[in-house]
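Engineer: Please read through the structure below; I'll follow up with questions.
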Amino acid sequence: MRAIVLAESGRLEMQEVEKPEPRPGQVRIRTAACAICATDLEMMAGDDRVRRPAILGHEWAGTVDAAASPDDVALVGKPCVAENVLSDGGEVGFEHPGGYGAFLVTEAANVHVLPDDLPMPVATLVEPLAVCVRAMRRLGAADERPALVFGDGPIGLLMLALLKRAGAETVLLVGGRPGRLRVALGLGADEIINYHAASDLTGAICGGAERAFASVIEASGSPAGLEAALDAAAADARVLVLGDYGRRRVSLVWNRILHKELHLIGSNASAGTWPEAVEIAGDPQFPLAHLVSARFPAERFDEAVNLVRSRRDDVVKVVLEWA
């Protein structure tokens, strides 16, 4: 089979590799599409989580091609996504080969069948959507009070869409890329702020001292974003931390949390939320397709990766498609 292989740090190449065979309890997936995640770029750059050569790709969708166990044969031919964490603790697209290959193997118990009418390039976003569904559960129910989202990446934009779906009347999104901020408006943002244009970000968000936010989502991964989130939070607000900070540290005025009696909540990964994420993705009213900015045949992986690396301001998700 063909696969886009991370041969060494910084170098991807299309190779012919052996097609994987499922073992008992596993199924083989014919990959239809795989989105390029920012985490993939970190793996390409030399992150030591993956051993090279490696086949990346954890945001994939495809069709069950083969099953090793009789109990799983009914899945063959079904369009699907699957939770990536396997029983050995490794993940598809990291420790195990992922959707940068024309075929991959996963555990049958992790498979979630997709609606027949959900386009495969859009279905690749079920994985980040599941991350956000878990975050929404941890945040708690949205209400009529204003909500604030920091971050115009895929996670911030999905949180915006989920907040609106949950009934939040007013959602303000803060980001730094004009094109993505336009996408936010298309997803239902009631107000957007480009932090590059705000000399006083907290003042721009809060309108002086006229408003504060009962729900605040920090999805930018920026220490400055977390500081601004605490500044903009109302008393007794729920502040959800969803960004990836790597090894960065944040210097905070901790008395803000004390005096405002804030609820500081972390959310990580997507355990337990995939069925709901698939259901939401299949809702024709949910604007998941708005986040797919470009699609490339797998053979043009270099162009696709370079587009993601370019940080062009209107690019949210780039998807590779296997014929």
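The values are calculated or read from the model by the stated rules, or taken from the named source; none is laboratory data. What you are looking at is a predicted structure, and each value in this text was computed from that prediction instead of being measured. Cβ atoms come from the backbone with ideal geometry, glycine included; neighbour counts cover every protein chain shown. Accessible surface areas use protein heavy atoms only, side chains included; no ligands, DNA or RNA. Shrake-Rupley method; radii C 1.70, N 1.55, O 1.52, S 1.80 Å.
Engineer: Can you give me the long-range amide H partners of Gly101? Hydrogens built in the peptide plane at 1.01 Å from N, cutoff under 5 Å, separation of 5 or more residues or another chain.
Structural biologist: Ile4
Engineer: Under 16 Å Cα to Cα from Lys164, which aspartates and glutamates show up? Leave out anything in the same chain fewer than 8 places away.
Structural biologist: Asp143, Glu144, Asp152, Asp190, Glu191, Asp283
Engineer: Suppose every Lys and Arg Cβ carries +1 and every Asp and Glu Cβ carries -1, with no other charges. What dipole size does the chain come out with about its Cα centre, to the nearest 20 debye? All intermediate terms of the calculation are to be shown ahead of the outcome.
Structural biologist: Working: 32 positive and 44 negative charges, 108 e Å.
The calculated dipole for the chain is roughly 520 debye.
Engineer: Of His112, His196, His58, which has the largest mean-square fluctuation in a 10 Å C-alpha GNM of the chain?
Structural biologist: Between His112, His196, His58, it is His196 that shows the largest mean-square fluctuation.
Engineer: At 222 nm, what helix-only mean residue ellipticity would the chain give, in deg cm²/dmol to the nearest 500, using -39500 (n - 2.57) for each DSSP H run of four or more?
Structural biologist: On the way: 10 runs with 87 residues, N = 323.
Dividing the helical sum by the residues of the chain leaves -7500 deg cm²/dmol.
Engineer: Suppose all protein chains stay in the model; what accessible area per residue would a 1.4 Å probe give for the chain, in Å²?
Structural biologist: Here the per-residue accessible area is 45 Å².
Engineer: If the cut-off is a Cα-Cα distance under 17 Å, which aspartates and glutamates reach Lys260, setting aside same-chain residues fewer than 8 apart in sequence?
Structural biologist: The qualifying aspartates and glutamates are Glu210, Glu227, Asp231, Asp236.
Engineer: Please get the size of the charge dipole for segment 1-114, origin at its Cα centre, with Cβ charges of +1 on Lys and Arg and -1 on Asp and Glu, quoted in debye to the nearest 20. Show your work: numbers first, answer last.
Structural biologist: Numbers: 10 positive and 18 negative charges, 64 e Å.
Around 300 debye, computed over segment 1-114.
Engineer: Another one. Can you give me the solvent accessible area of Leu291 with a 1.4 Å probe, rounded to the nearest 10 Å²?
Structural biologist: The accessible area comes out at roughly 0 Å².
Engineer: So what's the gap between the Cα centers of segment 92-160 and segment 195-214, to the nearest angstrom?
Structural biologist: Centre-to-centre (Cα) distance: 30 Å.
Engineer: Please identify, among Gly99, Gly272, Gly246, the residue showing maximal mean-square fluctuation in a Gaussian network model of the chain using a 10 angstrom Cα cutoff.
Structural biologist: Most flexible of the set in this elastic network: Gly246.
Engineer: Would you kindly state the longest site-free stretch of the chain, with sites defined as trypsin sites (Lys or Arg not before Pro) in a DSSP loop (not H, G, I, E, B) surrounded by at most 16 other Cβ atoms within 10 Å? Write out the running numbers ahead of the final one.
Structural biologist: On the way: sites that count: Arg49, Arg51, Arg211, Arg247, Arg248, Arg249, Arg311, Arg312.
Between the exposed loop sites, the longest stretch runs 52-210.
Engineer: Would you work out if segment 1-160 is rounded, prolate or oblate? Take a ≥ b ≥ c from the square roots of the eigenvalues of the alpha-carbon gyration tensor; rounded if a/c is under 1.5, else prolate when a/b is larger than b/c, oblate otherwise.
Structural biologist: Values: a/c = 2.09, a/b = 1.30, b/c = 1.61.
Oblate.
Engineer: Which of Val174, Ala189, Ala123 sits farthest toward the positive end of the charge dipole of the chain, with +1 on the Cβ of Lys and Arg and -1 on the Cβ of Asp and Glu?
Structural biologist: Highest projection toward the positive end goes to Val174.
Engineer: On a full-extension model of 0.36 nm per residue, what is the gain between Glu21 and Thr39, subtracting their alpha-carbon distance, rounded to one decimal in nm?
Structural biologist: Working: separation 18, 0.36 × 18 = 6.48 nm, distance 2.68 nm.
Fully extending the segment from Glu21 to Thr39 adds 3.8 nm.
Engineer: Please list, or write none, the lysines whose alpha carbon is within less than 20 Å of the alpha carbon of Lys78, excluding same-chain residues fewer than 8 places away.
Structural biologist: The qualifying lysines are Lys19.
Engineer: Between segment 1-17 and segment 271-315, how far is it from one alpha carbon centroid to the other, in angstrom?
Structural biologist: Result: 22 Å between the Cα centres.
Engineer: Of Val17, Val241, Val149, which has the largest mean-square fluctuation in a 10 Å C-alpha GNM of the chain?
Structural biologist: Comparing Val17, Val241, Val149 in the GNM, the peak value goes to Val17.
Engineer: Please work out whether segment 250-320 counts as rounded, prolate or oblate from its C-alpha gyration tensor, where a ≥ b ≥ c are the square roots of the eigenvalues and a/c under 1.5 means rounded, while otherwise a/b larger than b/c means prolate and anything else oblate? Let's see the in-between values first.
Structural biologist: On the way: a/c = 2.93, a/b = 1.63, b/c = 1.79.
Oblate is the answer for segment 250-320, as a/c is 1.5 or above yet b/c matches or exceeds a/b.
Engineer: Then there's this: What distance in nm lies between label points placed 7 Å from Cα along the C-beta direction at Leu185 and Glu210?
Structural biologist: 2.0
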